[in-house]
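Below is one structure, written out as structure tokens; comments come after it.
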């Protein structure tokens with residue numbers, strides 16, 4: 001994933017840019033970057049690796065050295081950015097969030113349209129943000145170039161482009177990721193996360209629609225290209241990725257998670273002693289479940305947050321597993337001889353939740369019931385890189401289905417997405433046995449959509465049902 005933030009201010013923007021970008025740290029842990037523009041000093045930039053140190057720590061010195069009234073920043077889980085570009089369209093800086101699925105095709109297309117080279121990164125890959133800049137530069141104006149990039153890219157791409165005159169903000173073509181503007185007396189900002197600007201004195205100004213392009217300066221914002229009607233915003237933003245204080249399309253993340261837990265409880269028949277969320281993203285779901293079921297909410301294990309990063313981020317599975325084990329500390333007095341119901345945001349590989357279940361049994365738990373807050377993940381995300389899985393066979397659902405069926409077809413998968421089918425229940429039983437849960441029941445897709453509250457046609461649910 002990743003997050004972006006931009007500021008246009010009548011005075012120095014660096015402090016707002018620093019804190020606004022830092023508020024996106026939950027969306028990635030690999031690289032961070034800030035670029036600024038000042039009329040006297042021109043463009044300047046700082047990029048750091050943040051895998052072993054938080055964004056705030058790595059960039060504290062840069063805050064004192066950077067100067068500018070315009071700025072864009074990013075937390076990236078992939079390529080280094082922002083990039084600074086000089087072309088026939090002038091000088092600009094660009095940062096993006098999203099994914100390009102047709103990179104090889106776009107490279108050939110760019111070479112055929114006058115692009116002479118790309119900078120090759122480790123492993124022979126091309127920086128996705130550089131590709132976006134190349135597409136933009138194939139048109140006579142920035143706005144035409146942005147629209148062209150939106151149309152050509154298969155996947156998704158939301159971007160901020162900083163010029164000496166102001167900043168262009170463009171949401172991806174189908175609105176899979178959010179982009180919101182905030183405003184205060186002397187500045188306008190653009191942000192992936194809506195909460196990122198409140199403590200900086202901004203108030204909500206405008207939420208961009210799908211494919212909408214806005215140009216903003218300290219005085220205000222102007223829509224340069226209108227929003228398109230069709231939207232497929234990622235439903236997983238509410239289930240897991242989004243920060244609790246954020247709101248997308250009028251739906252708050254924390255409130256959605258309470259509703260999600262409430263609906264899980266309405267369909268349940270087990271009577272555990274306590275309900276717990278797998279920290280941190282499962283806690284709000286668990287509160288909603290506890291409020292509806294009247295089963296006490298408790299924290300039978302505590303996440304040690306001062307030093308351990310999010311467990312799924314390291315590139316190697318063994319390291320992920322070790323961190324997952326190290327950062328959760330059991331409260332044995334709340335576990336021994338108890339029947340526990342745990343709500344996690346999702347089950348991807350199943351390794352971490354299996355380990356969590358085992359240490360609960362080792363700590364004296366009598367039963368461990370698992371209730372994921374979303375439907376089974378049957379398809380790898382093609383749009384936002386929310387998982388580091390290199391293959392759909394990394395998903396525990398796919399491995400179980402292959403063992404049950406041998407050869408997997410789309411017709412077979414479709415039956416496994418139906419929560420009322422015999423195969424769906426068989427898959428859950430096999431996962432339960434494999435991971436040693438007392439019981440397992442996922443949130444139904446129709447209930448999850450109801451929990452969000454938007455029209456189903458506006459939500460991307462591809463990872464659950466394979467429908468684009």
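The values are calculated or read from the model by the stated rules, or taken from the named source; none is laboratory data. If you're wondering where the values come from, they're calculated on a predicted model, not measured in any experiment. Heads up, the Cβs are rebuilt from the backbone with ideal geometry, glycines too, and the neighbour counts pull from every protein chain shown.
Inclusion of residue 60 among residues that are over 23 Å from residue 217 (Cβ atoms) and either in the same structural domain as residue 138 (by TED's automatic domain parsing) or not in a strand (DSSP E or B) (or both) is warranted. Listed by position, the helices (runs of 4 or more DSSP H) inside the stretch 98-163 whose residues that are in contact with a helix residue (DSSP H, G or I) (Cβ under 6 Å, 6 or more places away or on another chain) and under 21 Å from residue 3 (Cβ atoms) number at least 1 are 128-136, 142-152.
Mind checking which residues of the stretch 237-253 are assigned to a loop (DSSP other than H, G, I, E, B) and free of Cβ contacts under 8 Å to residues at least 12 places away in the same chain? Within the stretch 237-253, 250 is the sole residue that qualifies. Any residue that is surrounded by fewer than 17 Cβ atoms within 10 Å (Cβ to Cβ) and touching a strand residue (DSSP E or B) at 6+ places or on another chain (Cβ under 7 Å) - is there at least one of those in the stretch 414-430? For the stretch 414-430, residues surrounded by fewer than 17 Cβ atoms within 10 Å (Cβ to Cβ) and touching a strand residue (DSSP E or B) at 6+ places or on another chain (Cβ under 7 Å): absent.
When we screen 178, 218, 210 for residues that are closer than 20 Å to residue 98 by Cβ and out of contact with any helix residue (DSSP H, G or I) (no Cβ under 9 Å at 6 or more places or on another chain), the only hit is 210. Scanning the stretch 284-293 for residues that are within 20 Å of the chain's Cα centre (by Cα) and closer than 17 Å to residue 347 by Cβ gives a single hit, 285. In the stretch 164-197, the residue that is surrounded by the fewest Cβ atoms within 10 Å (Cβ to Cβ) out of those that are outside any loop (DSSP other than H, G, I, E, B) and without any contact (Cβ under 8 Å) to a residue 24 or more places away in the chain is 184. It is to be established whether one or more residues within the stretch 140-163 are modelled with pLDDT of 95 or more, surrounded by fewer than 19 Cβ atoms within 10 Å (Cβ to Cβ) and under 23 Å from residue 20 (Cα atoms). Yes, that holds for at least one residue.
Per the conditions (1) in a loop (DSSP other than H, G, I, E, B); (2) surrounded by 22 or more Cβ atoms within 10 Å (Cβ to Cβ), the sole criterion not satisfied by residue 451 is (1).
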